[in-house]
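Notes follow once the structure below has been shown.
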Amino acid sequence: MSESAPIYDDKAHVRGKLDLRNAEWKRPPEPEPEDGHVEIAFVEHTDGATYVAMRNSKQLEPVLTFTMSEWDAFVLGAKDGEFDEPWDDEKK
């Protein structure tokens, strides 16, 4: 059996403790689809850092939490096509 690398959780002190009561959720301007929109909010925590909270507009929990550096990496990856669906050769 191989040993896995230790897990470092740099958001353990934040997870489930962000105050979302005054969060200003942002979503796409299009009409809401049946399964909801992805919504994000930039939320300041008592540790002085701002985190990005993400949820589905139709299912308000769970709320995913990202550090700003994680969010920046996600946005750059999305812009670079990292999360695009692969082309199906039969549909070209």
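See the values below:
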item: R0 of 35 Å, Cβ-Cβ distance His45-Ala78: FRET efficiency to nearest 0.05; result: 0.90
item: Accessible area per residue, Å², the range 1-90 with all protein chains present, probe 1.4 Å; result: 82
item: Quarter of the Cα convex hull surface for the chain, i.e. its orientation-mean projected area (nm²); result: 10.4
item: The chain, accessible surface, carbon-and-sulfur percent (1.4 angstrom probe); result: 52
item: All aspartates and glutamates inside 13 Å of Lys26 as judged from Cα atoms, apart from same-chain residues fewer than 8 positions distant; result: Glu39
item: Within the range 33-50, backbone nitrogen closer than 20 Å to the virtual label 7 Å beyond the Cα of Asn22 toward Cβ; result: 40-50
item: Net charge over other residues, Cβ less than 10 angstrom from the Cβ of His45 (K, R count +1; D, E count -1); result: -1
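The values are calculated or read from the model by the stated rules, or taken from the named source; none is laboratory data. Computed from a predicted model, the values in this text were never measured in an experiment. A quick note on method: Cβ atoms are made from the backbone with ideal geometry, for glycine too, and the neighbour counts reach across all protein chains shown. Calculation scope for accessible area: heavy atoms of the full protein, side chains included, ligands and nucleic acids excluded. Shrake-Rupley method; radii C 1.70, N 1.55, O 1.52, S 1.80 Å.
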